[in-house]
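These notes are about the structure you will find just below.
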């Protein structure tokens, strides 16, 4: 089996999509599947990760040749808004574009059941849910970085934290305002700021955040975030899955999430705490070390099914089906 595993805009797109592509290629290596990162028409399968104009053209060409086309549905109009400058204006015309692009797929890979349900309103192309997965090897040894990263950013236990690009959709306003309401706790958001790409409201939220709210910017070793953070706070409004969430759970961190459809698979009170608005109350509960330990242990156990060793086999099975 030979797979053409193409990622358009790979030089400029970062964050969760880029991380998912990295995970997929680790899965292919794990399964011993030969692949090229170029859009090769002679491959057994063309697997596309971002449906830009070149990917659409390659998909159409592959279909004419009879080559199966697999498309990862990382992007929806629903999660495109409130990200970077101009994304809100682009979200509306993006939907019909994605409808046409995803319709070219012989199989769509959805990272979650929530994403799968959204895609049913876009196209009737067959869908399969395969998680983006969590790369445990990437986090190995994170505990040893605790003192270094707490000292670097002047953080005290229990630190409430978030990981990833700082964008409004991921609950930036809630993160900042909750920090303002809880001055006794340190809040830290680890991840690129990219202020030149942000809208005015996002810049203002960052600039006017309280003293106990730290935006680290890019960190050279993301393991440091999971070492210095104690409670993963993820008040995102829209998410296809959330790789950083899976990483936090794998690291044994208790998580607090907004109660949205994306997170139906999480069990409130067992491996997370959910709320539709009163985050302060839930974070107050997690000041207790015993509860943090209990929820963190359960979160780690839940995350086991998202390990790349499990998702790799699912990806191989899907390729064999479409071939």
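Nothing in this text is a laboratory measurement; each read-out follows from the coordinates by a stated rule. The shown structure was predicted, so the numbers you read here are calculated from the model rather than taken from an experiment. Positions of Cβ are generated from backbone atoms using ideal geometry, with glycine treated the same way; all protein chains shown enter the neighbour counts.
Write down the percent of antiparallel bridges among all DSSP beta bridges whose residues are both part of the stretch 141-305, to the nearest 5.
5
Restricting attention to the alpha-carbon atoms of the chain, what are Rg (one decimal) and Dmax (integer), both in Å?
Just the Cα atoms of the chain yield Rg and Dmax of 19.9, 62 Å.
Within the stretch 175-200, list the residues whose amide N lies under 19 Å from a label point set 7 Å along Cα→Cβ of residue 220.
Counting backbone N atoms under 19 Å from the label point, the list is 190-193.
Taking Cα atoms, how many degrees apart are the long axis of helix 172-181 and the longest axis of the chain, rounded to 10 and kept between 0 and 90?
Taking the Cα atoms of the chain, the angle to 172-181 is about 10 degrees.
Taking only the alpha carbons of the stretch 258-323, what extent do you get along each of the three principal axes, in Å, biggest first?
52, 24, 12
How tilted is helix 16-31 with respect to the longest principal axis of the chain? Cα atoms for both, answer in degrees (0 to 90, nearest 10).
Once rounded, one gets 60 degrees.
Within the stretch 239-270, name every residue whose backbone N is under 17 Å away from a label modeled 7 Å from Cα of residue 143 along the Cβ vector.
Only 248-254 fall inside the zone, counting backbone N under 17 Å.
Which whole number of Å³ per residue matches the convex hull of the alpha-carbon atoms in the stretch 141-305?
Dividing the Cα hull volume of the stretch 141-305 by its residues yields 109 Å³.
Could you tell me the distance between the Cα centroids of the stretch 266-323 and the stretch 181-253, to the nearest Å?
If you average the Cα positions of each part, the centres end up 18 Å apart.
With both bridge residues required to lie in the chain, what share of the DSSP beta bridges run antiparallel, to the nearest 5%?
Details: 1 of 36 bridges.
Taking every DSSP beta bridge with both residues in the chain, the antiparallel ones total about 5 percent.
Hey, fewest Cβ within 10 Å first, where do 50, 315 land in order?
In order of increasing Cβ crowding within 10 Å: 50, 315.
What order do you get for 112, 10 when you list them from fewest to most C-beta neighbours inside 10 Å?
10, 112
Output the peptides 199-210, 175-186 sorted from most to least packed, where packing is the average of other Cβ atoms within 10 Å over each peptide's residues.
175-186, 199-210
Can you tell me the length gained on complete extension of the stretch residue 29 to residue 291, counting 0.36 nm per residue apart and subtracting the Cα distance? Let's see the in-between values first.
Details: separation 262, 0.36 × 262 = 94.32 nm, distance 3.86 nm.
In short, 90.5 nm is gained.
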